[in-house]
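Presented below is the structure to which this report refers.
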Amino acid sequence: MDQHELMVEVLRLAGGQAVEDHLASGYGGKKADIVFKDANIVVEVKSIATDRAASPEVADAIVMMFQKNVAEGAPIIFGQVTIGMHDLPVPIAHKALRIMGKRVQREATEANKQIKATAAALGMENPYGLLVIITPPFRLDRETIVWLFGDAVKGGTCRAVNGLLVVESMAGTAGADPLQSNSFISFHSRDGRECPLVVREAIGAAWGTVTGQRMNRADADDFSALGARS
């Protein structure tokens, strides 16, 4: 199975149900992947299978952005160089991140539509909307994904999405053995409204059952020391 299928299986084992099993016959609108009816949660899963941040096209787009923003502190590039985001002025770094993470922000917008439509179709009032992003350890790392999500929902946009679950893992990728690497799962709230603890615990336990990886708790700040890309 691919990573999207893997995550959906985990969510179902954690107590979720396929949204389509609850929709009226003939429903043709947008829909999310999973619903936890008792917990009033709607979940949409997005998998990122290509590392856009590592593509030459993105590098070229960032260089073009630098050229247009030299007066704002963007560097002038000659030849091939490595530039850390922390070395850039904050506004320039943010523009670079948005170029690299355009896919993430687009997925957040689409998930908002899917969660909102699903809640309306199922007659759910004020559900907790959870966006799950699962990805291998790409250059577009978990911390960047969290920042991009926050940037996408700031100012009150994407109101149907209350939280983000980021999964960095090789599980579900071609030829990967989950027992030979660590996976990293973290929950993030956009507005202080947390995904219920019982559901978070159930998802963690289900991940262990499906992948064979034993669940351990750690601060997200320690993930990089345990092998996470950051």
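Here are the numbers:
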{"read-out": "Lys, Arg +1 and Asp, Glu -1 on Cβ, resulting dipole of the stretch 1-58 about Cα centre, debye, nearest 20", "value": "200"}
{"read-out": "Estimated [θ] at 222 nm from DSSP helical runs (n ≥ 4, -39500 (n - 2.57)) normalised by residues in the chain, nearest 500", "value": "-11500 deg cm²/dmol"}
{"read-out": "Accessible surface, per residue, of the chain when the full set of protein chains is kept, probe 1.4 Å, Å²", "value": "52"}
{"read-out": "Positive dipole terminus of the stretch 152-230, leading residue within Ala160, Met170, Gly208 (C-beta point charges)", "value": "Ala160"}
{"read-out": "Mean Cα-pair separation over length for the chain, i.e. relative contact order, pairs under 8 Å, 6 or more apart, %", "value": "23"}
{"read-out": "Mean separation of Cα contacts under 8 Å, 6 or more apart, over the residue count of the stretch 148-214: relative contact order %", "value": "31"}
{"read-out": "Apportionment of accessible area to carbon and sulfur, the stretch 1-132, percent (1.4 Å)", "value": "51"}
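The values are calculated or read from the model by the stated rules, or taken from the named source; none is laboratory data. As the structure is a prediction and not an experimental result, all values here were calculated from the model. Cβ sites come from the backbone with ideal geometry, for glycine too, and all protein chains shown count toward neighbours. What goes into the accessible areas is simple: the full protein's heavy atoms, side chains included, and nothing from ligands, DNA or RNA. Shrake-Rupley method; radii C 1.70, N 1.55, O 1.52, S 1.80 Å.
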